[in-house]
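The values are calculated or read from the model by the stated rules, or taken from the named source; none is laboratory data. The structure presented is a predicted model; accordingly, all values stated were derived computationally and were not measured. So basically every Cβ, Gly included, is an ideal-geometry build from the backbone, and we count neighbours across all protein chains shown.
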Ligand SMILES: [Fe+2]
Ligand SMILES: [Fe+2]
């Protein structure tokens, strides 16, 4: 696993924040809410799959925003940095849980899911939280809601009708969680048969 340093990721978060121009106040208000009312900056990214550690959600969210910006500059430079930063940083905001009800509880054995929380899919909770603060475009709302793509049954709702933003957010999320966070080496296996 690569090294993760909280202070470094807070700096990266601040650097990414500067790319939000049109919805600066909405962004600042949402960050203030996340800091004061939720566990967003301390929570893990998962209890089992990836970055099951303190601040893991911050590390993952920053990583996805960075990967998303790289993909967008290669494939669709006309897409705004602002959209990428909002969707990248906050697609998993639902993992912070709700005010007074974090999704992940720290126990002696590690993090566990809080069963005492109104049940909904994480991405829906992300949309629920984000849309209270941001005026989202329909593309951004679709990208946040369906960012897991076809890995979960709900992805079928938009199969073959994904917007470009959803397509690259899904891939940035997948690539960041499965390749970058796991430090998976890129190896060319000589799999051909002689
Ligand atoms: Fe997610
Ligand atoms: Fe994610």
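This table checks each residue for (1) at pLDDT below 95; (2) under 14 Å from the mean Cα position of the chain (by Cα); (3) more than 16 Å from ligand 1 (Cβ to nearest atom).
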| residue | (1), (2), (3) |
| --- | --- |
| 20 | no, no, yes |
| 52 | yes, no, no |
| 58 | no, yes, no |
| 85 | no, yes, yes |
| 95 | no, yes, no |
* Answer yes or no: is there a residue in segment 145-154 that is free of Cβ contacts under 8 Å to residues at least 60 places away in the same chain, more than 21 Å from residue 96 (Cα to Cα) and away from ligand 2 (no atom under 16 Å from the Cβ). => yes
* Hey, residue 76 hits all of (1) out of contact with any strand residue (DSSP E or B) (no Cβ under 7 Å at 6 or more places or on another chain); (2) within 13 Å of ligand 1 (Cβ to nearest atom) but one; which does it fall short on? -> (2)
* To do: Can you give me the number of residues within segment 14-48 that are surrounded by 13 or more Cβ atoms within 10 Å (Cβ to Cβ) and either within 14 Å of ligand 2 (Cβ to nearest atom) or part of a loop (DSSP other than H, G, I, E, B) (or both)?
  => 13
* Name the residues in segment 105-127 that are closer than 22 Å to residue 62 by Cβ and touching a helix residue (DSSP H, G or I) at 6+ places or on another chain (Cβ under 7 Å), would you? -> 122, 123, 125, 126, 127
* To do: For residue 178, state whether it is within 14 Å of ligand 1 (Cβ to nearest atom) and outside any helix (DSSP H, G or I).
  => no
* To do: Restricting attention to segment 1-10, report how many residues are more than 10 Å from residue 55 (Cβ to Cβ) and surrounded by 12 or more Cβ atoms within 10 Å (Cβ to Cβ).
  => 1
* Those residues of segment 144-167 which are under 23 Å from residue 80 (Cβ atoms), more than 12 Å from ligand 1 (Cβ to nearest atom) and either in contact with a helix residue (DSSP H, G or I) (Cβ under 6 Å, 6 or more places away or on another chain) or not in a loop (DSSP other than H, G, I, E, B) (or both), in sequence order -> 158, 163, 164, 165, 166, 167
* Quick one: in segment 106-135, which of the residues that are in contact with a strand residue (DSSP E or B) (Cβ under 8 Å, 6 or more places away or on another chain) and assigned to a loop (DSSP other than H, G, I, E, B) is farthest from ligand 2 (Cβ to nearest atom)? -> 116
